[in-house]
Amino acid sequence: MNLALSIIIVIISCVFGAYAAVLMKMGADRLKFNVKSIIRNKYLIGGVLIYGVGTLVYIIALRGAPLSILYPIVSTTYIWTAIISQKMLGERMNRAK
């Protein structure tokens, strides 16, 4: 696997992680602290599963390039999370954010 492909895969992993974080936020907003509520919380479960997939995708990328190059790209997850939060949660961005 070459460097460019590894970078693309890491970016995909970051988008998965951001989407998972938004789903977990949606799940947390609906959470009641009992086992039945947690098991039936599709947003929370979906977020955890997507986060796991993102992690597996990230591991694949690590095979193709040095960590010192790929890991700084992971910080783009913050940007993806902000964008997806605007779209899915209706959050507003301002200069401070």
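What follows is calculated from the coordinates using simple rules that are stated; it is not laboratory data. In this text, all values refer to a predicted model and were calculated from it rather than measured experimentally. Every residue, glycine among them, receives a Cβ derived from its backbone with ideal geometry; neighbour counts consider all protein chains shown.
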Requested in this report: Considering every residue within the stretch 20-27, establish whether at least one is of a type in the set (V, I, T) and over 20 Å from G90 (Cα atoms).
Outcome: no
**Report entry** Qualifying residue in the stretch 62-85 (condition: without any contact (Cβ under 8 Å) to a residue 60 or more places away in the chain and touching a Leu at 6+ places or on another chain (Cβ under 8 Å))
**Finding:** yes
Report task. For S85, state whether it is small (G, A, S) and out of contact with any helix residue (DSSP H, G or I) (no Cβ under 9 Å at 6 or more places or on another chain). Result -> no
